[in-house]
1. Check every one of the strands (runs of 3 or more DSSP E) wholly within region 1-109 and list those with 2 or more residues that are closer than 22 Å to V189 by Cβ, in contact with a strand residue (DSSP E or B) (Cβ under 9 Å, 6 or more places away or on another chain) and not β-branched (V, I, T).
2. Which number in (1) of a type outside the set (G, A, S); (2) under 19 Å from P37 (Cα atoms); (3) touching a Cys at 6+ places or on another chain (Cβ under 6 Å) marks the one condition that R165 misses?
3. Name the single residue that is surrounded by the most Cβ atoms within 10 Å (Cβ to Cβ) among those in region 164-191 being touching a helix residue (DSSP H, G or I) at 6+ places or on another chain (Cβ under 8 Å) and of a type in the set (V, I, T).
4. Kindly establish whether R138 is in contact with a strand residue (DSSP E or B) (Cβ under 6 Å, 6 or more places away or on another chain) and among the basic types (K, R).
5. Cβ contacts < 8 Å: first residue in contact (Cβ under 8 Å) with a residue 12 or more places away in the chain and closer than 19 Å to F128 by Cβ, restricted to region 160-177; second residue buried (at least 18 other Cβ atoms within 10 Å of the Cβ) and basic (K, R), any location; separation 6+ or different chain. Result?
6. Residue check: is L100 more than 15 Å from the chain's Cα centre (by Cα) and within 13 Å of H169 (Cβ to Cβ)?
7. Which is closer than 14 Å to L20 by Cβ and either at pLDDT 95 or above or in the same structural domain as A23 (by TED's automatic domain parsing) (or both), of T58, T67, T51?
8. Check region 150-166 and report whether any residue there is farther than 23 Å from Y106 by Cβ, assigned to a helix (DSSP H, G or I) and within 14 Å of the chain's Cα centre (by Cα).
Amino acid sequence: MDFDFDVVPATFVERPNRFLVRAQRVDTGERVEAHCPNPGRMRELLVPGATLYLSLETGPGRRTPYTLRFAVHPESGQLVSLTTQLPNGLFREALEMGLLPPLSGYTEIAAEVPLPLQSGTVSSRIDFRLTSAQDPTRPPCWVETKSVTLVEEGVGLFPDAPTERGRRHVEELAQVVERGHRAAVVFVVQRPDAHRVRPHWETDPRFAQTLVDAVQAGVETYAFTCRVTLGWVRPERAIPVGLTP
């Protein structure tokens, strides 16, 4: 995935709320405000003086002139992509690259499709539905992607802030498995330095336990890392998903 924006370096100053970051441009010294596209805590990344990369945005109705795109981990120097909208496109690329063999063989992919829950039940829209026109007997596979930016000692952790929405998605995927479909949660690690992924029990035990229950019900889990630069991001390699702390 190639980026359609250019970035400028800045240093982190403060984060007044989940969606706003204040930083100082390195080249001009100007204090600026940037939209934060990632509602996670990111406490290990957004520390005073940390290097950020911002893109200048000029779209109508914007409240801030910049968007936060990347952060450099203060200790490891690792560049981390922070945009939570990227994993869907990266999942498509990973499928095309054959990084997820258990999900290969499907010929159609539909995005943002309501889950087929019991009649009268209001369901979430899930990220993807995979189907095969060549093999109509093959059950559809419903896929929800999750963005991972937190890595500790080589382990990607999700979530880094409690997520009721994420927990609900996992519960609903377990319900469609009960109806004879396939379902999978795919963790997209937007950095290359993770060797496995697990739920972040310490931050959101309810999500973690829901994922464990869903896997026991038949929901599949996959993960892959990404190579990140300021100009592009690419799926790199599949890594295992564990469930225990």
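The values are calculated or read from the model by the stated rules, or taken from the named source; none is laboratory data. This one's a predicted model, so the numbers in the text were calculated from it and none came from an experiment. Every residue, glycine among them, receives a Cβ derived from its backbone with ideal geometry; neighbour counts consider all protein chains shown.
1. Working: elements: 7-17, 20-25, 31-35, 51-56, 66-72, 79-81.
Where strands (runs of 3 or more DSSP E) fall fully within region 1-109 and carry at least 2 residues being closer than 22 Å to V189 by Cβ, in contact with a strand residue (DSSP E or B) (Cβ under 9 Å, 6 or more places away or on another chain) and not β-branched (V, I, T), they are 51-56, 66-72, 79-81.
2. (3)
3. Applying the filter and picking the extreme gives V188.
4. Details: in contact with a strand residue (DSSP E or B) (Cβ under 6 Å, 6 or more places away or on another chain): no; among the basic types (K, R): yes.
Criteria not met by R138.
5. G166/K146
6. Values: more than 15 Å from the chain's Cα centre (by Cα): yes; within 13 Å of H169 (Cβ to Cβ): no.
The answer is no for L100.
7. Values: T58 fails: closer than 14 Å to L20 by Cβ; T51 fails: closer than 14 Å to L20 by Cβ.
The unique qualifying residue is T67.
8. We begin by selecting, within region 150-166, every residue farther than 23 Å from Y106 by Cβ; these are 150-166.
Of the ones still in play, those that are also assigned to a helix (DSSP H, G or I) are 164-166.
With within 14 Å of the chain's Cα centre (by Cα) added as a condition, the list becomes 165-166.
Checked against the condition, which is being farther than 23 Å from Y106 by Cβ, assigned to a helix (DSSP H, G or I) and within 14 Å of the chain's Cα centre (by Cα), region 150-166 yields at least one hit.
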